[in-house]
Amino acid sequence: MLKIGYASLKSPVAMICHGNACPPDVGLAVLEGVEERDDIDALVRDAGVPAVLSFRSASPDRLLEVSRTASRMHAILEIDLSDEDSIDLIRACGMIRLIKSAGAATSLRVSPDAVSPKSNPGAIKSLKSAGLDLIHLDLRGCDGSATSVLRSVSDARGPGIMALSEVRSFEEAKRLLSMGADVISLRETAEEDFARWLSTALRKFEDITGWYNAPKHICAGGDLRGLAFCCPPVKPCPVHGALKRLGITPDEFVRRKLELARGTPLEKGEGTCFGSLIWCCKITKPCYMRDAALRRAGLTPKEYMILKRRVAEGLMR
């Protein structure tokens, strides 16, 4: 369903465990409290799903040793700095490079303030340059600001995002995914039945829609991936602010979207507002003109969303 480094996840749901086996339907097992364990191989093997080895502290020698094990076992090695309001970027990037030198995939668990573009400009770019594969963003305690914080981190176009939050429903998970999260991280206190159900529900959602973490429209407060659903910027609207955040002009945006549509069914769209499906909205928004154009093009709603996903990926590069 998605990849993080060399780890293939069959579900965008992770569960934090303390050396215990996780439900077999989740995508990732985040194993905590393993700093002093000498049975890392067995822990990863017994997890039953791709594993994240989460370390709060370790000497360089120990970190390198476990990184080699993680690489061999195709596990992800995580540095947990979530208790720190700010991080020493030079130190964090040094640890990431050390882990990568052993060939292991890396995750960094942090508080939002530690990497927020507002409080720490350039942090995400530096971490990505160091080779970070995944930001494990601890959103607990953010209350109503969780989605806006997540959107700002997503808009920085860094590594993949795993959002740690007190998720209790499909809608709560979907809200985080629609703001840029790639994976939902559940605490160990979450019931296994719920984790199993949520994993299954999100896999079915992907099968039906083609894009399990599709963004909201920009005009509804979505992250920059939502530009895939925007009209040409011909009138005052939120798209102009989004283009400034992306760092491109309106003319460049039009050119890039047309290039991404070229040779695909999105070029078609006679009868739509702007004559091409590349400018059409998300499939969940009712539009009889778009739907008629999809039928003429022989595109299913799922195929349309898969193509829009590729457009978003092209715009974010």
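The values are calculated or read from the model by the stated rules, or taken from the named source; none is laboratory data. Not measured: the values here are computed from a predicted model. Quick reminder, even Gly has a Cβ in these numbers, built from the backbone with ideal geometry, and neighbours come from all protein chains shown. With ligands, DNA and RNA removed, areas are computed over all heavy atoms of the protein, side chains included. Shrake-Rupley method; radii C 1.70, N 1.55, O 1.52, S 1.80 Å.
Calculate the translational D of segment 16-65 in whole µm² s⁻¹ from Stokes-Einstein, where the hydrodynamic radius comes from the Kirkwood formula applied to all Cα pairs, the temperature is 25 °C and the viscosity 0.890 mPa s.
220
Taking 0.36 nm per intervening residue step and subtracting the Cα-Cα distance, what contour gain separates Arg72 from Arg187 on full extension?
38.7 nm
Give me the compactness ratio for segment 1-102, meaning the Cα radius of gyration over 2.2 N^0.38 Å.
The reported ratio for this selection is 1.04.
Among 281-293, 105-117, what's the highest-first ranking by average C-beta atoms within 10 angstrom per residue? It would help to have the intermediate numbers written out before the result.
Working: 281-293: 15.5, 105-117: 23.3.
Output ranking for 281-293, 105-117: 105-117, 281-293.
How do Ser152, Ser185 rank by accessible surface area computed with a 1.4 Å probe, from largest to smallest?
Correct descending sequence by accessible area is Ser152, Ser185.
Using R₀ = 25 Å, calculate the FRET efficiency as 1/(1 + (r/R₀)^6) where r is the Cβ-Cβ separation of Ser148 and Asp207; round to 0.05.
In this case the efficiency is close to 0.25.
Spin-label point model (7 Å from Cα, Cβ direction): what's the Arg255 to Glu35 distance in nm?
Rounded to a tenth, the inter-label distance reads 5.3 nm.
Tilt of helix 60-73 relative to the longest C-alpha principal axis of the chain, in degrees (0 to 90, nearest 10)?
It works out to around 60 degrees.
Report Ile278's accessible area, 1.4 Å probe, all protein chains in place, as a number in Å² to the nearest 10.
Accessible area, nearest 10 Å²: 0 Å².
Just need the relative contact order of segment 1-157 here, percent rounded to a whole number, with Cα pairs under 8 Å and 6+ apart. Can you show the working numbers first?
Numbers: 287 pairs, mean separation 26.3, N = 157.
Value for segment 1-157: 17 percent.
Would you mind calculating the relative contact order of segment 114-185 from Cα pairs under 8 angstrom and at least 6 residues apart, reporting the percent as a whole number?
After rounding, I find 32 percent.
To the nearest 500 deg cm²/dmol, what mean residue ellipticity at 222 nm is calculated for the chain from DSSP H runs of n ≥ 4 alone, each contributing -39,500 (n - 2.57), summed and divided by the residues?
Numbers: 12 runs with 129 residues, N = 317.
About -12000 deg cm²/dmol.
Full-extension gain between Cys273 and Lys302, please, as 0.36 nm times their residue separation minus the C-alpha to C-alpha distance.
8.3 nm
Taking the Cα centre of segment 97-215 as origin, work out the dipole magnitude from +1 charges on Lys and Arg Cβ and -1 charges on Asp and Glu Cβ, in debye rounded to 20.
520
For segment 114-169 and segment 258-305, what is the separation of their C-alpha centers, rounded to whole Å?
Measuring centre to centre over Cα atoms gives 32 Å.
Counting just the Cα atoms, what span does segment 113-189 cover along each of its three principal axes? Round to the nearest Å and put the largest first.
The principal-axis extents, from largest down, are 34, 22, 21 Å.
Looking at the chain, what % of its DSSP beta bridges pair antiparallel, to the nearest 5?
Antiparallel bridges make up about 10 percent of those DSSP assigns within the chain.
Once you have the Cα-Cα distance between Thr284 and Arg62, take 0.36 nm times their residue separation minus that, and quote the gain in nm to one decimal.
On the way: separation 222, 0.36 × 222 = 79.92 nm, distance 4.93 nm.
In short, 75.0 nm is gained.
Put +1 on the Cβ of each Lys and Arg and -1 on the Cβ of each Asp and Glu in segment 75-204; which of Gly103, Phe194, Asn120 then has its Cα farthest toward the positive end of the dipole?
Final value for the positive-end residue is Gly103.
Considering just Cα atoms, how many Å³ per residue does the convex hull of segment 190-233 enclose?
So the per-residue hull volume is 85 Å³.
Considering Cα pairs under 8 angstrom that are at least six residues apart, work out the relative contact order of the chain and quote it in whole percent. Before the final figure, lay out the partial values.
On the way: 595 pairs, mean separation 41.3, N = 317.
Worked out over the chain, it gives 13 percent.
Tell me whether segment 117-263 comes out rounded, prolate or oblate; compute the Cα gyration tensor, take square roots of the eigenvalues as a ≥ b ≥ c, and use a/c under 1.5 as the rounded threshold.
Prolate shape, in that a/c is at least 1.5 and a/b is the bigger ratio.
Considering only protein heavy atoms, with the full assembly of protein chains and a 1.4 angstrom probe, order Arg45, Arg62 by accessible area, largest first.
If we order Arg45, Arg62 from most to least accessible, we get Arg45, Arg62.
Give me the Å³ per residue figure for the convex hull around the C-alpha atoms of the chain.
132
Report the Rg/Rh value for segment 189-317, based on alpha-carbon coordinates and the Kirkwood definition of Rh.
Ratio value, two decimals: 1.02.
According to the Kirkwood expression over distinct Cα-Cα pairs, how big is the hydrodynamic radius of segment 57-167, in Å?
That comes to 14.1 Å for segment 57-167.
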